[in-house]
Structures are given as structure tokens and as C-alpha cells.
Amino acid sequence: MKKIRNMKEIGNMKNPKDLRVAYFAGTMLQDHDGVTRVIYKWIEYLTKKKIKNIFISPLIPPKKSWPTEMHKVPSIKFPLNKEYSLASPEVRYFKKRLDRFKPDIIHVNSPCPLGYAALTYAKKRKIPVIATYHTHFISYAKYYYLEILEPFLWLYTKGFYNNCNKVLVPSKSILSELRQHGLKRLEYLPHGVDTQAFNRSYRSIKWRKGYGIDNKIVLLYVGRLVWEKDLEVLADTYAKFESNRSLSFVIVGDGPIRQDLEKLMPKAIFTGKLIGKELSTAYASSDIFVFPSTTETFGNVILEAMISGLPCIAANKGGSKSAIKNNVTGLLAKPHDCKDFTKKVKYLIHHPKLRKQMAQHAVEYAEKQSWNLICERLFKEYYKLLNKNYTRR
């Protein structure tokens, strides 16, 4: 690859066909979680720009449904969450494949053992490494009664990411926290939203009638059903409104605590996991989005709800708060505080004009978060790294 001379030239490189990028991810199962939904948006951009790429992961779909080249490595089930796998940290399981591919950049999407193997491989071959800080794993410790491990987890996180040439962080609040703990070479790069896949045109009276909620105010949650999403707060908030027949809670998603939540929220509607048009319809056909999670690095679902015309009530902590402008596109509630979430829900219920104004502001904000622009910024970061320290071997 020729050396890039200046930033103007970087910006003009619309189709660098000789660029090769190797990605490492914990899972490549489409729609498995928020991270894979982001990654598949990158794949769309890579395909459009004809950029050579390969994805290394312990979980990949059947070959006939690959959207791009993939390579599977051995793994074992993650003991705390059987939906995920821990890949082998041994370089030998992907070394030959990457040596043939000859990557210019390695992009790591998880600080797991496979991520460390990617760092080891890159260091030996003097390939620059960029990472995206998708998941704030340290914040999960208390939900598994492992708070005692937090100092070790910060030490591990710092050691991992400070060995990368650049770390992209999708929210300013998380970026600030990482800096306070000594992480370096951080860059703010938010995620985007697909304005074609999610928008108000999907609103459906038929969908609402199908669930018997056509004349109700619909409060929506979308996401994995796990305790680290602070869903106990959602259940407690539901309890405050359980006798209110003018409201209905709709829970979209699945996970290990679904049965527990169904017992705590017996009159709520649990749709299970939705994708495609069904998910778009659920968003646009609801009225208020409620998201109590304090462990997000960004909160993709918040942006999807906003572009679908929903004012959002979210925890004032973590990545969620960065996506919401308080009292403009939604309301920020005190973290872990059912009473404050209840107060915010009541406020929007009793102020329909304000709810409509917030919905409009939310759409206007989300429309500016184009995936194409976000991906262009990502690739400029690649080119900057190549220009700074590396040329093609």
C-alpha cells in the first residue's frame, strides 16, 4: 500500500481496493447482540467499497449465509452466559490463514483471549491494531456478585487496550471514565442507525390491535433479557403501573432471565426476539421507550427508538446518557432508581404535547447519525494509523 501523504488524500480515498483488514470478534452470528449488528453494518460498507476483509471468531453462521470471508477458531461455552463462547487464545488457530491474507490493519472487537491472541500476532508482524470498546464488561461484575474482581478487571482492561494503537469509544461518558482509569490513545466514534430499516413509516395499528393495545400508551423495552441490563428496575417500574389499564408494557428480546421477568411482569407482553420488519414495527408502533441499563457503552436500541419516533427514558449513566439530550429528545432518570423512572414515565404520560415534541426532536437527532458517515470516519482512522507508522510489507 502506498504511503498516504496528507489528510486531504485520506478523505479522498473512496475505494482503496488494496487495503486489507482482519477483524476479531466474540461472535459473528447476525443479530446475536448489539455488537454484531454494528459489525454487520461495517460489512455492508466493506462490501460497497470493495475492501478486502476477513472475520475471525469462535461463533460464525453456516458458510452459505456468510456475507464475507470468515474463519472459525475453537472455543468453549462461557460459564456465566451460555449464549457466548470463549475462543482459544492460541495464535496457531488462525496464523496460517492470516499469513495468507496479509492484513494491513487488525481490528479487535473484544478484550477476550482471542483478542489477546490477535495482539500477539500483530506485534510479531508489526501490524497496527485498532480496537472498538463495545462492551463495558467491568460494570457487569456486580451483577454476578464478583465486585471483588473489579480492580483486576480494570488492570486487565488497561493492559489490553493500551497495547492497541487506537481505541474507538462510542460514547463520551464511557470515554471519560476510561481516561480516568489510565487508558490511552482513545478516540470518540459513535455508532450509527439505519434510517431505512427504522423509521416512523413502520407504525402499525394492526400490530397494536393484534396485541390488544390499540387504545393504550405502549411502553417499550428492546434488548437482551439479562440482569446486567438493570431489568429489575424495569420490573419495579412496571409494578407501579400494573393496575393502570391505559398502559401496556411490551418487552422485545430474549435471554436467560425471561421466565423470571414474566413472573415479575405478568401482564406485560413478551414478544421474544424480533428482527427485520417485525422489530421496526414494534419500535414505531410504541409510544415511549424505557431503558434502565447502566452498563451500555452506547445503546444502539436508543438510537433505533429515536429514529422510530419515540421519546426515551434512560438511565443517566454509561453510554445511554450520551445519546439523549435531557428534556429535548427524552428524559434521563437516576440510575437504579425505580421511583425516578416511575416519575419520568408519569410525566410523559400526562404531557402528550411534550411527548410529541420530544419524539420529533429525537427523529431529527437520529437522522444525523448516518452509518455511511460513521464508517467513513472509521476508515479514516485506519488510514491515519497506516500513514503514521506503517507501509505495506
Legend entry - Among (1) touching a Ser or Thr at 6+ places or on another chain (Cβ under 7 Å); (2) without any contact (Cβ under 8 Å) to a residue 40 or more places away in the chain - the single one M358 does not satisfy: (2)
Inset, instruction - Using the structure shown, decide if D33 is exposed (fewer than 15 other Cβ atoms within 10 Å of the Cβ) and either modelled with pLDDT under 90 or of a type outside the set (S, T, Y) (or both). - result: no
Inset, instruction - Would you check which residues across region 313-341 are within 23 Å of the chain's Cα centre (by Cα) and either outside the structural domain of L303 (by TED's automatic domain parsing) or among the basic types (K, R) (or both) and list them? - result: K317, K321, K325, K334
Legend entry - Answer residue from region 179-223, given it is over 21 Å from the mean Cα position of the chain (by Cα) and of a type in the set (S, T, Y) and is farthest from T281 (Cα to Cα) among those: Y211
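For region 26-130, list the helices (runs of 4 or more DSSP H) that sit wholly inside it and hold at least 3 residues that are over 24 Å from P170 (Cα atoms); which are they? Step through it out loud before you land on a result.
Numbers: elements: 34-49, 95-101, 113-125.
Here the list reads 95-101, 113-125.
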Inset, instruction - Would you check if there is a residue in region 251-271 being buried (at least 20 other Cβ atoms within 10 Å of the Cβ) and part of a strand (DSSP E or B)? - result: yes
Legend entry - Scan of region 205-214 for residues that are surrounded by fewer than 16 Cβ atoms within 10 Å (Cβ to Cβ) and outside any loop (DSSP other than H, G, I, E, B), ordered by number: I205, K206, K209, G210
Legend entry - Answer residue from region 178-204, given it is part of a helix (DSSP H, G or I) and without any contact (Cβ under 8 Å) to a residue 24 or more places away in the chain and is surrounded by the most Cβ atoms within 10 Å (Cβ to Cβ) among those: R179
Inset, instruction - Pull up region 329-385, narrow it to residues that are small (G, A, S) and in a helix (DSSP H, G or I), then point me to the one that is surrounded by the fewest Cβ atoms within 10 Å (Cβ to Cβ). - result: A359
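Residue-wise test of (1) surrounded by fewer than 20 Cβ atoms within 10 Å (Cβ to Cβ); (2) modelled with pLDDT of 95 or more; (3) within 23 Å of the chain's Cα centre (by Cα); (4) not assigned by TED's automatic domain parsing to the domain that holds K321.
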position	(1), (2), (3), (4)
A122	no, yes, no, yes
A131	no, yes, yes, yes
F137	yes, no, yes, yes
A141	yes, no, yes, yes
Y144	yes, no, yes, yes
E147	yes, no, no, yes
F152	yes, no, no, yes
Y161	no, yes, yes, yes
K166	no, yes, yes, yes
Inset, instruction - For region 342-382, enumerate the residues that are aromatic (F, W, Y) and under 24 Å from the mean Cα position of the chain (by Cα). - result: Y365, W371, F379, Y382
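For every residue, the table says whether it meets (1) outside any helix (DSSP H, G or I); (2) of a type outside the set (S, T, N, Q); (3) free of Cβ contacts under 8 Å to residues at least 40 places away in the same chain.
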position	(1), (2), (3)
Y140	no, yes, no
P151	no, yes, yes
W154	no, yes, yes
G159	no, yes, yes
N163	yes, no, no
L168	yes, yes, no
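The values are calculated or read from the model by the stated rules, or taken from the named source; none is laboratory data. Everything numeric here is computed off the predicted structure, so don't read it as measured data. Every residue, glycine among them, receives a Cβ derived from its backbone with ideal geometry; neighbour counts consider all protein chains shown.
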